[in-house]
Amino acid sequence: MEKRKLSFWQIWNMSFGFLGIQMGFALQNSNVSRIFQTLGAEIDDIPILWVAAPLTGLIVQPIIGYLSDRTWTKLGRRKPYFLIGAILASAALFIMPNSPFLWFAAGMLWIMDASINISMEPFRAFVGDNLPDSQRTSGFAMQSFFIGIGAYFASKLPLIFTHFGVSNTAPLGIIPDSVKYSFYLGGVAFIVTVLWTVLTSKEYSPEELEAFEAHKKSTYIKETRSTEWFIKNGNSHLAKGILFLVISGLFSFSIYHYDLKKDLYVLSLGLIGLGGLALLFSGLMQKSNKTDNGFITIMNDFQFMPKMMKQLAWVQFFSWFALFSMWIYTTLAVTQHIYKTTDTTSEAYNLGANQVGEMFANYNLIAAIAAFLLPILAKYTSRKFTHFIALTCGGLGLISIYFINEPTVFTMEWLPMIGVGIAWASILSIPYAMLSGSLPSSKMGYYMGVFNFFIVIPQLVAASILGFLVSKFFNSEPIYALFIGGGSMILAGVISLTINDKSNIEINE
């Protein structure tokens, strides 16, 4: 028994919700730094305010993936999560631009990103559930298309509203109406497009998915885990947890003692420290034979993740480190380096900020086009070579912003973003296409959530160290964050050439 091939329009319908999801995501990426700065944030403080977004994803996505693997309702398996996330995210999009002060906005970013994650992560598993191996690259490419189109339109919304006479400036501490109306429209689009996918798409039942996997069972690594196994594994987790906590304590003390930038606490406490606590609790629970719970399952499945995921981890790390540097710093870099201003009430600042919206819109439009071209290149070469080419183009695009002297439509809004758009299309499709072939459907949602660790961790690292690097070594000039990001993306491309791209399922069950 094998999964049926879906028609173009069936794949279209099952991916359509990503249009609204990405509109919300793009509005967040292209406007939140502007909102923070308008509400009084200093340039060096912007990265730490963004920590909420990746930290939320780190917690939410594997939990949602784990739960959706074990959910079956009249509405389906993944679709209940699409809908719940859409309702919450739409509400957050209406509230965010009306934030009265900075920390309220930071809190709303946390809520908004959590809600988007609730909708987004099951969509990745949705493709793996519903499509046969031969159509998965096309399925993820369709998602990339809607991501590109949604982000293109959403990134242009403030400028579109400005053209229709909506004010693009506001008094000190007030978000301009052009940004507010953009978020309102994004909130409506989010719920409508997700509803379209929920109402027009079907899901296989757990029994059907089990039947599809039956012929692959011989490729699984079967293992009966005894009490002794859990005790031994618990001792390992316990030792690693203690080591992580010691490193976290020493690192945190160094930050305090040498009066280093407080952003580094995100790395020492938020990443290393929390990781150590998770390992510590996992070790203690396994040694006490309290192993029949979701937390232990998540920790051990993470430990024994598929080999393909381990190979892709470093590629994802350096790719998303670069993207996060772009999302945080492009507005700051363009307004300061090219428009020579940091005054958020000035016409020059808001002109530059709108032009960044155009840049973000354009790279997403390029991504929508490239989404259908990259599978063709991959067919005649390989997926890993295609990813290398795409990431190299993206890195060069980011670096080129440093050399812009005259911010014309072509030199700033298009030329650097062509490379970034090609990279973005590849990042959103090729790693997932490679990974999905190595996962059983029974763990698809969870491992797609765990895969997000290698998206979230580099964002936390970026939020921790970019502010420190820019202020310490680059005289608080944010353009150099884009330079660092470009180099990181090129490095990710080089590493991608080392991936052993096979579809064999190699996983402990």
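Tabulated values for the structure
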| item | result |
| --- | --- |
| Options Gln355, Ala313, Met412, ranked by Cα towards positive dipole end of segment 258-416, top entry (Cβ charges) | Ala313 |
| Whole-number D in µm²/s for segment 385-509 (Stokes-Einstein; Kirkwood sum over Cα pairs; 37 °C, 0.692 mPa s) | 200 |
| Probe 1.4 Å, protein heavy atoms only - accessible area per residue of the chain in square angstrom | 39 |
| Spin-label proximity, Ile174 to segment 87-121 - amide N less than 15 Å from point 7 Å beyond Cα toward beta carbon | 98-101 |
| J(HN,Hα) series, segment 70-87, from Karplus relation 6.51 cos²θ - 1.76 cosθ + 1.60, nearest Hz, glycine and proline x | 10, 9, 8, 10, 4, 7, x, 9, 9, 4, x, 6, 3, 6, 4, x, 5, 5 |
| Dipole in debye (nearest 20) - the chain, about Cα centre, beta carbon charges: Lys, Arg +1; Asp, Glu -1 | 1180 |
| Inter-label distance for Ser205 and Thr411, nm, one decimal - labels placed 7 Å from Cα along Cα-to-Cβ | 6.4 |
| Over segment 258-382 - Rg/Rh using Cα atoms and the Kirkwood inverse-distance radius | 1.14 |
| For Leu415, solvent-accessible area (1.4 Å; no DNA, RNA or ligand), Å² | 90 |
| Segment 303-378, accessible surface, carbon-and-sulfur percent (1.4 angstrom probe) | 67 |
| Residues of segment 29-43 with amide N under 13 Å of the 7 Å Cα→Cβ point at Leu269 | none |
| Segment 314-323 - phi-based ³J(HN,Hα) in whole Hz, Karplus 6.51/-1.76/1.60, Gly and Pro as x | 6, 4, 4, 4, 6, 5, 7, 4, 5, 5 |
| Leading residue at positive end of dipole, segment 9-125 (Cβ point charges), from Asn13, Phe25, Pro122 | Asn13 |
| Lys/Arg +1, Asp/Glu -1 at C-beta; the chain dipole; positive extreme among Tyr446, Leu58, Ala492 | Tyr446 |
| FRET efficiency for Leu469 and Phe281, using Cβ-Cβ distance with R0 set to 35 Å, rounded to 0.05 | 0.60 |
| Mean shadow area of segment 1-154 over all directions, Cα convex hull, nm² | 10.0 |
| Average Cα contact separation per residue, segment 215-326, under 8 Å, 6 or more apart, as relative contact order % | 31 |
| Exposure of Tyr265 as accessible area (Å², to 10), given a probe of 1.4 Å and all protein chains | 60 |
| Dipole magnitude of segment 271-368 about its Cα centre (Cβ charges: Lys, Arg +1; Asp, Glu -1), debye to nearest 20 | 500 |
| Debye equation applied to the C-alpha atoms of the chain, log10 I(q)/I(0) at 0.06, 0.12 Å⁻¹ | -0.27, -1.11 |
| In degrees, nearest ten, helix 17-38 long axis to first principal axis of the chain (Cα) | 50 |
| Nearest-0.05 FRET efficiency for Ala91 and Ile242, computed from C-beta distance (R0 45 Å) | 0.60 |
| Computed magnitude of the charge dipole of segment 341-479 (debye, nearest 20; Cβ of K, R +1, Cβ of D, E -1) | 880 |
| Mean separation of Cα contacts under 8 Å (6+ apart) over length of the chain, as relative contact order % | 26 |
| In sequence order, calculated HN-Hα J values of segment 373-390 (Karplus, 6.51, -1.76, 1.60; Hz; x Gly/Pro) | 8, 4, x, 5, 4, 5, 5, 8, 10, 6, 5, 5, 5, 4, 5, 4, 4, 5 |
| Contour minus Cα-Cα distance for Val166 and Lys307 (0.36 nm per residue) | 45.6 nm |
| Solvent-accessible surface (1.4 angstrom probe) belonging to Phe281, in square angstrom, nearest 10 | 110 |
| Shape category assigned to segment 77-176 from the gyration tensor of Cα positions, a/c cut at 1.5 | oblate |
| Sequence-distant lysines (8 or more away, or on other chains) whose Cα lies within less than 25 Å of Lys232 | Lys222, Lys240, Lys287, Lys290, Lys307, Lys310, Lys443 |
| Förster radius 41 Å - calculated FRET efficiency between Trp12 and Glu228 (Cβ-Cβ, nearest 0.05) | 0.20 |
| Between helix 415-427 and the chain: long-axis angle, C-alpha atoms, 0 to 90°, nearest 10 | 20 |
| Orientation-averaged projected area, Cα convex hull of segment 373-416 (nm²) | 3.4 |
| Spacing of the two label points (7 Å from each Cα toward its C-beta) at Tyr184 and Lys379, in nm | 4.6 |
| Cα-based Kirkwood hydrodynamic radius, segment 259-322, one decimal, Å | 14.1 |
| Per-q log10 I(q)/I(0), segment 330-404, q = 0.28 Å⁻¹ (Debye; single scatterer per alpha-carbon; no solvent) | -1.22 |
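The values are calculated or read from the model by the stated rules, or taken from the named source; none is laboratory data. In this text the structure is predicted, and so the values were computed from the model without any measurement. Positions of Cβ are backbone-derived with ideal geometry, glycine not excepted, and every protein chain shown enters the neighbour counts. Just the protein is used for accessible areas: all its heavy atoms, side chains included, with ligands, DNA and RNA removed. Shrake-Rupley method; radii C 1.70, N 1.55, O 1.52, S 1.80 Å.
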